[in-house]
Amino acid sequence: MYSHQEMKQTLDVAMGRKKPDSVIKNGEVLNVYTGRLLQQDIVISGKRVVFVGNIEESGCVIDDEVHIYDVKGKVVVPGYIEPHAHPFQLYQPISLAEKVLKTGTTTLINDNLFFFGLCENKDAFELLDELKQLPVKQFWWTRFDPQCHQPHQKEVFTDQRISEWLSHTAVVQAGELTDWLPILQGDSEMNRWMHQAKQLGKRIEAHAPGASYRTLSRLAVAGVTGDHESITVDEVWKRLELGLMTTLRHSSIRPDLPELIQELVTKKEVPWHRLMMTTDGATPPYLEKGFIDYVLRVAIDNGVNPIHAYQMVTINPAQYYRIDDHVGAIAPGKIADFNILEDLHQPTPVTVFADGVKVVEQQTLIQSFPKLNWINKDEIKWNLMGQVTEEDLRITSEKELEYPVIQLVNAVITKCKHEWLHFNHGFLSHTNHPDLLHVYLIDKHGKWITRGLIRGFGEKIDALASSYTSTNDLLVIGRDPQAMMEAINHIKSVNGGITWIQQGEMKYHLHLPLLGTMSVQSVDELIISTKQFSQKLAGYGYHHIDPIYTLLFLSSTHLPQIRLTSEGLMRVKDKHILTSSARI
């Protein structure tokens with residue numbers, strides 16, 4: 001990130017041998033190291049900061065060719081860092097970067113889940129290399145587990161593939177560890193990967209909601225360095241006491257930040273330097289409010305010292321991930337990524353600089369955003385193979401049967417209840433059960449189907465099909481066999497998406513041609529589309545906070561209690577199969 005030529009150029013400017021490119025004058029600059037605001041000037045050469053202080057004392061050559069930006073009366077803070085991004089929540093890394101840059105986020109620490117599981121390393125690394133062209137810096141973490149049940153997991157998560165990811169210069173972390181129990185039980189393979197991550201100086205993040213102090217302590221012994229799953233201040237404090245970097249979350253399904261901040265500010269001697277903040281993979285409607293700038297606003301409005309808030313999204317993650325030689329602060333030698341604010345209480349910037357260039361004014365891009373080739377690669381297309389028939393959707397040949405029903409408790413948590421139900425030619429008799437729907441997970445390779453029933457998703461939905469799932473297979477929910485077949489065939493014909501058929505008409509469709517999970521639309525377009533989807537679903541009885549996460553997590557086995565898997569309907573706690581999948 002800092003070539004010898006670039007270093008030499010920056011030093012020549014600092015020594016007065018060459019002229020800088022620009023100067024930001026008269027701003028109140030936040031020093032995130034000291035927590036002080038000082039009126040200072042910022043001298044920039046290329047992508048780097050040369051000097052911060054009184055321009056008259058810099059020794060730099062300033063003449064009419066040097067661009068001067070006078071920001072008197074404004075506050076200048078470092079570009080924001082999202083320490084825990086999932087860049088595939090219908091958007092993709094390029095469209096996400098373009099959106100969040102407008103509100104001041106200049107660095108993303110990204111999950112590689114879908115790119116690892118669905119792409120060859122060669123193709124994924126080509127994406128990482130292409131993303132270097134963007135003004136938003138993109139670092140990565142690499143998974144050790146898929147957070148869903150995969151019979152062939154060992155064939156995907158191999159020593160060679162994990163080692164290649166861990167050794168990549170853009171990878172700063174291992175995790176998040178959703179299946180960490182094997183590590184504590186002494187699994188030699190996963191512990192070997194943990195050791196390799198430590199040897200390479202990478203951080204290791206756990207996903208440990210509700211974990212006890214003893215369990216967290218054992219995870220720390222195993223090599224874990226951080227966690228983002230605290231939902232109470234007591235859980236925050238446990239992690240801090242154990243030396244874990246602790247990330248406070250405000251996401252589309254876990255908007256926990258107000259309560260956490262309100263309780264933290266009542267405590268004495270809070271180690272704010274050990275805290276970060278994240279949106280944790282917020283879905284598109286959330287981004288209408290902003291991104292890290294919105295998280296900052298929530299934190300400040302709930303009583304945190306603004307200086308601490310800005311440190312939690314700048315220098316804290318930069319130092320934690322060991323990228324503070326380049327980002328996280330406004331200081332000599334650092335990349336010139338910073339935001340110009342009206343004041344500290346208004347974290348949405350009026351102007352954004354990235355790589356030393358003014359790129360955003362009043363949340364509008366004023367520089368062209370690079371167009372990358374990755375989204376056109378054949379290797380990232382999603383295909384539904386084989387042929388699904390209406391016969392495959394039939395649950396039973398019996399007229400009455402006791403059957404396990406998935407009860408959707410909230411957007412992502414489920415419970416199981418066995419019910420005696422009436423069937424007509426293999427499908428539910430819906431007369432007394434408008435909120436009871438069929439649900440299927442269909443192998444994208446065309447080999448198996450898992451059949452189930454679900455309550456709490458909605459009422460009288462004819463057919464909704466989605467390739468956006470944790471397993472990358474096809475999820476189908478509905479009550480009308482003909483409509484469900486129509487939705488399945490439509491998804492197959494367009495190679496991925498979310499399709500809803502109601503009363504013979506297309507009620508909603510979102511095309512997801514990238515790995516079946518991501519759109520080529522802009523985030524702003526996705527905000528409009530997904531808000532419409534949520535509103536329409538609410539009209540059919542979906543009352544939870546985020547239906548997009550419901551579609552994603554019905555096949556995720558890192559959450560309780562019952563999930564759709566390739567083997568059948570699984571009880572997560574003991575991996576017991578309640579009903580088996582069937583061959584297609």
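The values are calculated or read from the model by the stated rules, or taken from the named source; none is laboratory data. Quick caveat, the model's predicted, so the values are computed rather than measured. Because the Cβ atoms are built from the backbone with ideal geometry, glycine has one as well, and the counts that use them run over all protein chains shown. Ligands, DNA and RNA are stripped out before the accessible areas are found, and what is left, the full protein with its side chains, is counted by its heavy atoms. Shrake-Rupley method; radii C 1.70, N 1.55, O 1.52, S 1.80 Å.
Yes/no matrix, rows are residues, columns are (1) surrounded by 17 or more Cβ atoms within 10 Å (Cβ to Cβ); (2) over 18 Å from THR471 (Cα atoms); (3) touching a Leu at 6+ places or on another chain (Cβ under 7 Å); (4) among the charged types (D, E, K, R):
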site: PHE144; (1), (2), (3), (4): yes, no, yes, no
site: ARG161; (1), (2), (3), (4): no, yes, no, yes
site: VAL171; (1), (2), (3), (4): yes, yes, no, no
site: GLY186; (1), (2), (3), (4): no, yes, no, no
site: GLU189; (1), (2), (3), (4): no, yes, no, yes
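Right, GLY497: touching a residue at least 40 places away in the same chain (Cβ under 8 Å) and small (Gly, Ala, Ser) or not? The answer is no for GLY497. For the stretch 48-88, the strands (runs of 3 or more DSSP E) that sit wholly inside it and include 2 or more residues that are at negative phi, in contact with a Leu (Cβ under 6 Å, 6 or more places away or on another chain) and modelled with pLDDT of 95 or more are 75-78, 80-85. Candidates VAL71, VAL43: the one that is within 25 Å of ILE315 (Cα to Cα) and touching a Gly at 6+ places or on another chain (Cβ under 6 Å) is VAL71. Number of residues in the stretch 72-87 that are under 13 Å from the mean Cα position of the chain (by Cα) and either of a type in the set (Lys, Arg) or surrounded by fewer than 24 Cβ atoms within 10 Å (Cβ to Cβ) (or both): the value is 1. Put simply, of LEU264, LEU260, LEU240 the only residue that is in contact with a strand residue (DSSP E or B) (Cβ under 7 Å, 6 or more places away or on another chain), surrounded by fewer than 23 Cβ atoms within 10 Å (Cβ to Cβ) and of a type outside the set (Lys, Arg) is LEU240. Being among the hydroxyl-bearing types (Ser, Thr, Tyr) and open to solvent by 40 Å² or more (accessible area, probe 1.4 Å) is a property that holds for SER522. Determine, yes or no, whether THR178 is under 22 Å from LEU108 (Cα atoms) and surrounded by fewer than 17 Cβ atoms within 10 Å (Cβ to Cβ). So THR178 does not fit the description; no. Per the listing GLY356, GLY281, the residue uniquely out of contact with any helix residue (DSSP H, G or I) (no Cβ under 8 Å at 6 or more places or on another chain), under 28 Å from SER212 (Cβ atoms), small (Gly, Ala, Ser) and buried (at least 18 other Cβ atoms within 10 Å of the Cβ) is GLY281. For LYS289, the stated conditions hold: it is out of contact with any Gly (no Cβ under 9 Å at 6 or more places or on another chain), open to solvent by 20 Å² or more (accessible area, probe 1.4 Å) and without any contact (Cβ under 8 Å) to a residue 12 or more places away in the chain. If the condition is being under 25 Å from LEU131 (Cα atoms), buried (at least 19 other Cβ atoms within 10 Å of the Cβ) and of a type in the set (A, V, I, L, M), then the stretch 373-401 contributes only ILE380.
A single entry from GLN133, GLN147 fulfils the requirement of being closer than 15 Å to HIS558 by Cα and in a loop (DSSP other than H, G, I, E, B): GLN147. Answer yes or no as to whether TRP165 is part of a helix (DSSP H, G or I), under 20 Å from the mean Cα position of the chain (by Cα), closer than 26 Å to ILE323 by Cβ and of a type in the set (Phe, Trp, Tyr). Yes. Taking residues in the stretch 100-113 that are over 19 Å from TRP141 (Cα atoms), and partners anywhere that are in a strand (DSSP E or B), the pairs with Cβ atoms closer than 6 Å and at least 6 places apart or on different chains are LYS102/VAL360; GLY104/TYR80; GLY104/ASN339; GLY104/VAL352. Among residues of the stretch 506-518 that are more than 11 Å from TYR91 (Cα to Cα) and open to solvent by less than 10 Å² (accessible area, probe 1.4 Å), those with a Cβ under 6 angstrom from a residue that is of a type in the set (Ser, Thr, Tyr) and modelled with pLDDT of 95 or more, sequence gap 6+ or separate chain, pair up as LEU510/SER529; GLY516/SER467. Determine if the stretch 193-203 includes at least one residue that is touching a residue at least 60 places away in the same chain (Cβ under 8 Å) and either in contact with an Asp or Glu (Cβ under 6 Å, 6 or more places away or on another chain) or not in a loop (DSSP other than H, G, I, E, B) (or both). Yes, the stretch 193-203 contains at least one residue that is touching a residue at least 60 places away in the same chain (Cβ under 8 Å) and either in contact with an Asp or Glu (Cβ under 6 Å, 6 or more places away or on another chain) or not in a loop (DSSP other than H, G, I, E, B) (or both). The condition (being open to solvent by 40 Å² or more (accessible area, probe 1.4 Å), of a type in the set (Asp, Glu) and either under 28 Å from LEU113 (Cβ atoms) or more than 30 Å from the chain's Cα centre (by Cα) (or both)) is satisfied by just one residue among ASP435, ASP443: ASP435. Per the listing SER581, SER556, the residue uniquely farther than 26 Å from ALA97 by Cβ, of a type in the set (Gly, Ala, Ser), buried (at least 16 other Cβ atoms within 10 Å of the Cβ) and in contact with a Ser or Thr (Cβ under 9 Å, 6 or more places away or on another chain) is SER581. Pairs are defined by a Cβ separation below 6 Å, a sequence spacing of at least 6 or placement on different chains, a first member in the stretch 121-133 that is loosely packed, with under 15 Cβ neighbours inside 10 Å, and a second member that is in a loop (DSSP other than H, G, I, E, B); the pairs so defined are GLN133/PRO370. Of the residues making up the stretch 527-544, those that are surrounded by fewer than 16 Cβ atoms within 10 Å (Cβ to Cβ) and of a type in the set (A, V, I, L, M) number 2.
Which residues, counting only those in the stretch 16-64, are over 36 Å from the mean Cα position of the chain (by Cα), hydroxyl-bearing (Ser, Thr, Tyr) and open to solvent by 70 Å² or more (accessible area, probe 1.4 Å)? Across the stretch 16-64, there are no qualifying residues. With respect to ILE231, is the statement that it is surrounded by fewer than 17 Cβ atoms within 10 Å (Cβ to Cβ), closer than 30 Å to LEU526 by Cα and within 20 Å of the chain's Cα centre (by Cα) true? Yes: the conditions hold for ILE231. Considering only the stretch 439-454, I want to know if a residue exists there that is of a type in the set (A, V, I, L, M), in a strand (DSSP E or B) and without any contact (Cβ under 8 Å) to a residue 40 or more places away in the chain. Within the stretch 439-454 (the criterion being of a type in the set (A, V, I, L, M), in a strand (DSSP E or B) and without any contact (Cβ under 8 Å) to a residue 40 or more places away in the chain), the answer is no, since none of the residues qualifies. Do we find a residue being in contact with a Gly (Cβ under 6 Å, 6 or more places away or on another chain), of a type outside the set (Lys, Arg) and assigned to a strand (DSSP E or B) anywhere in the stretch 416-430? The answer is no, given that none of the residues of the stretch 416-430 is in contact with a Gly (Cβ under 6 Å, 6 or more places away or on another chain), of a type outside the set (Lys, Arg) and assigned to a strand (DSSP E or B).
If the condition is being free of Cβ contacts under 8 Å to residues at least 24 places away in the same chain and either part of a helix (DSSP H, G or I) or in contact with a strand residue (DSSP E or B) (Cβ under 6 Å, 6 or more places away or on another chain) (or both), then the stretch 226-236 contributes ASP227, ASP234.
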